[in-house]
1. Just grab the label-to-label distance for Lys120 and Asp76, each label 7 Å out from Cα along the Cβ direction, in nm (one decimal).
2. Quick one: Karplus J couplings for region 130-137, per residue in order, coefficients 6.51, -1.76, 1.60, θ = phi - 60°, nearest Hz, x for Gly and Pro?
3. If we sort 148-157, 72-81, 101-110, 122-131 on the protection proxy, mean other Cβ atoms within 10 Å, highest first, what's the order?
4. Calculated FRET efficiency, Ala149 and Ala108, Cβ-Cβ r, R0 22 Å, to nearest 0.05?
5. Would you mind checking the pairs Lys53/Lys101; Lys89/Lys156; Lys120/Lys163; Lys53/Lys74; Lys120/Lys156; Lys74/Lys97 and listing those with alpha carbons more than 21 angstrom apart?
6. In sequence order, what are the phi-derived ³J(HN,Hα) couplings for region 144-158 according to the Karplus relation 6.51 cos²θ - 1.76 cosθ + 1.60 with θ = phi - 60°, rounded to whole Hz, with x for glycine and proline?
Amino acid sequence: MSRKSMVKMIVGLLAVFGALGRVVAQMPNPYGAAISVENAKKAAAPAVAEATKNHWTVAVAIVGPGGTLIYFEKMDNTQLGSAEVAIDKARTAARFKRPTKAFQDTLAGGGDGLRVLGLKGVVPIEGGIPLVMDGKIVGAIGVSGATSAQDAQCAKASADTVK
């Protein structure tokens, strides 16, 4: 391998590892006041609409910054276990200021990433996303009932509408 190829490969690897580090890092946004019940209901609606459009059944939880449940909705025929998982995904995203996918990816990396399993209150499964209004984290949404990627798709539909 030529020196030029080696340098390109090292630079590429550094870029990849740098990007992974940013994914795992917490959001810099400060916490704000908890999302209101009215805004939580509005935030949940796009997740339910996305699930309905795709013929998925899900549970949707909206929590405040500290993880207190603000709003919950479970579609008919959603598996019962998804109720608690949706709440736990939302709590993880709010309390740790990052999407739950960051923990899922860290865990999937193995090695030191297995330490995630020792973090109390962390659900390392995609589908939880912090909600940001006016630059402050006002809570988070958690979705469960479909695959983790589908849950995240529903959660993102909602998170993108919160202003």
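Just so you know, all these numbers are worked out from the coordinates, no wet-lab data involved. This one's a predicted model, so the numbers in the text were calculated from it and none came from an experiment. Cβ coordinates were reconstructed from backbone atoms using ideal geometry, including for glycine residues, and neighbour counts include every protein chain displayed.
1. Taking the two extended label points, one gets 4.2 nm.
2. Result, ordered by residue: x, 9, 10, 10, 6, x, 10, 6 Hz.
3. Going from most to least packed, we get 122-131, 148-157, 101-110, 72-81.
4. Plugging the Cβ-Cβ distance into 1/(1 + (r/R0)^6) gives 0.95.
5. Lys53/Lys101; Lys120/Lys163; Lys120/Lys156; Lys74/Lys97
6. After applying 6.51 cos²θ - 1.76 cosθ + 1.60, I find 8, x, 10, 6, 4, 5, 5, 4, 5, 4, 5, 4, 5, 4, 6 Hz.
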